[in-house]
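Heads up, the thing below is written out as structure tokens.
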Amino acid sequence: MPLNRILVADDEESIRWVLSKALKQKGFSVDLAHDGRHALELIKDNCYDLAILDIKMPGITGLDLLDKVRELKNDLLVVIMTAEASMKNAVEAMKRGAYDYITKPFDLDVIDAIIEKVAKARDIAGQVTTLKQELKERYQVEKNIVGNSAVMQEVYKTIGKVAVSDVTILIQGESGTGKELIARAVHFNSERLGKPFIAINCAAIPHDLLESELFGSEKGAFTGAGERKLGKFEQANHGTLFLDEIGDMPLDLQAKMLRVLQEQEVTRIGGTQNISVDVRIVAATNQSLVEKVRLKEFREDLYYRLNVVPITLAPLRERRDDIPDLANYFLTRSSAEMSVPPKRLTDDAVALLKAYSWPGNVRELENSIKRAVILSNDPLLSALDFGGLIPVGETAVRNSQETSLEDLIDLKLRSSMNGIEELEKGDIHSMVLEQVERPLIRLVLEKCRWNQVKAADVLGINRNTLRKKITELHIEMKRG
């Protein structure tokens, strides 16, 4: 938090002139007030990093003004000036929240020391604020990473092993698997906590602008460069730089990136000075960099420089056991964000979500839950509430090669009976058994080339029982 703008309030013009000149020579922006009321108006209307107030001024005294400052802008640091070096004034000023206290006449070296002290205090305060914010973000990130499947447990273990070091990490996974969340988890669990986490999507920025975004530019370096611009590397100094979609970085820029990683220095566009940077790199891609290296679309040396520790995020279809927890998490969060009563998922909805292939991964699941929360007025979300996205029944079943037979049967039964509020007396048991038995017996007969003796052995039933079933179920026999 750099010290830039200072307010000086004193009814003596000579004091205002001396302080203004001295502070402006050091590069500060200075506003002047001739009494307490004027100073109060300036404080209300502007943002100051420091206020230097005389203790005795017409209208409102410096001490009363200090009370107003504590009410209006509690983060504004105030230094009180007085010509009466009494203990009473000093104690009263500090009790009311002054940062420091100086007596007139004073040497400008005293002001310099005060300014340096204030700058350090603001810097420490800024670091504390950043740390608090990052601890809050760390909590949010870790809360947002949901999943207890074996593949996610391996990811958690890797994060724990690499977070405390500065090794470069390459996160690979399909779009929507949560690569940036993992990158943030690495940063927030590292010793760089409290330092910047800067993210840049290499695919979202035009190629001709990406270099200046990464490395910065000097004033006049190109058309439109009206002032010096710090690049992401400088912004992330002492912290972590997340390079998302690194596979889309153009080849000419890859060479410059490699040099920066090797030398730990950047040069702004249009500049000649090499600027040292201390940055931890976490890169991510949804492409096969190995294949891009083979096709000469990605530098092999850069690939090995980035791929020190690889983290691979499995697509959602390969960790279906996490889907219920993820769905309930998004359901709770979406209900809270939209200020609607909490909703729950029915068993048929959970079975349907587990059966779908989720090509958009976790992001698609989150959006599906949000859509259902918005559109449904029912506190229970059933499979029908996801019908616009996932065809209920056979289509979902065809997309579920890794789902168990029991889950698929359960899904089909729930879909078939969805909407039936009360079950009446009937013959559901026989009807369902018949629908399961017929395709089963027909399939086994087909595999046994319609040999009934062999089929009966495979099914584990008597041959006469099989012949009876063939008749009752109207199974058309074919020649083997």
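Couple of notes before you dig in:
- Selection from A221, S29, P315, by position along the positive dipole direction of the chain (Cβ): P315
- A simple charge model with +1 on the Cβ of Lys and Arg, -1 on the Cβ of Asp and Glu and nothing else charged puts the dipole of the chain at about 1480 debye relative to its Cα centre.
- Whole-angstrom Cα spans of the chain along principal axes, big to small: 117, 59, 40
- For the chain, the share of DSSP beta bridges that are antiparallel, to the nearest 5, is 5%.
- Rounded to whole numbers, the Karplus 3J(HN,Hα) couplings from phi for segment 172-188 are 10, x, 5, 4, x, 8, x, 5, 5, 4, 5, 4, 5, 4, 4, 5, 6 Hz, using 6.51 cos²θ - 1.76 cosθ + 1.60 with θ = phi - 60°, and x at Gly and Pro.
- Prolate/oblate/rounded label for segment 5-122 (Cα gyration tensor, a/c 1.5): rounded
- Hits among lysines - C-alpha to C-alpha of K256 under 24 Å, sequence gap 8 or more where chains match: K219, K229, K232, K292, K296
- The angle between the Cα long axis of helix 150-162 and the main principal axis of the chain comes to about 30°, on a 0 to 90 degree scale.
- Acute angle (nearest 10 degrees) that the helix 251-263 long axis makes with the longest principal axis of the chain, alpha-carbon atoms: 60
- Protection proxy ranking, highest mean first, for peptides 272-278, 320-326, 62-68: 62-68, 320-326, 272-278, where packing is the per-residue count of other beta-carbon atoms within 10 Å, averaged.
- Sorted by Cβ neighbour density within 10 Å, fewest at the top, the residues H429, H38: H429, H38
- Sequence of K56, K354, K95 once ranked by neighbouring C-beta atoms within 10 Å, starting from the fewest: K95, K56, K354
- Separation in nanometres of the label points that stand 7 Å from Cα toward Cβ, at S288 and R463: 5.3
- For GluC sites (Glu not before Pro), the sites in segment 1-93 that DSSP calls loop and that have at most 16 other Cβ atoms within 10 Å are E12, E84.
- The lysines whose alpha-carbon is closer than 25 Å to the alpha-carbon of K56, local same-chain residues fewer than 8 away aside, are K21, K24, K44, K68, K73, K88, K95, K104, K117.
- Cα-based helix-to-principal-axis angle, 428-447 vs the chain, degrees rounded to 10: 80
- Where the Cα pairs of segment 428-472 fall when distances are cut into 10 Å bins, in %: 29, 56, 14, 1
- When the Cα gyration tensor is reduced to axis lengths a ≥ b ≥ c, the ratio a/c is 1.5 or higher for segment 177-292, and with a/b not above b/c it is classed as oblate.
- Length-normalised contact order of segment 229-297 in % [C-alpha pairs under 8 Å, at least 6 apart]: 46
- Cβ crowding within 10 Å, taken as a proxy for footprinting-reagent exposure, orders S430, S175, S357, S190 from fewest neighbours to most as S430, S175, S357, S190.
- Set of lysines with alpha-carbon distance to K478 below 16 Å, sequence-local pairs under 8 removed: K447, K454, K469
No lab work stands behind these numbers, since they all come straight from the coordinates. Since this is a predicted model, take the numbers as computed values, not measurements. No Cβ is skipped: glycine too gets one built from the backbone with ideal geometry, and neighbour counts run over all protein chains shown.
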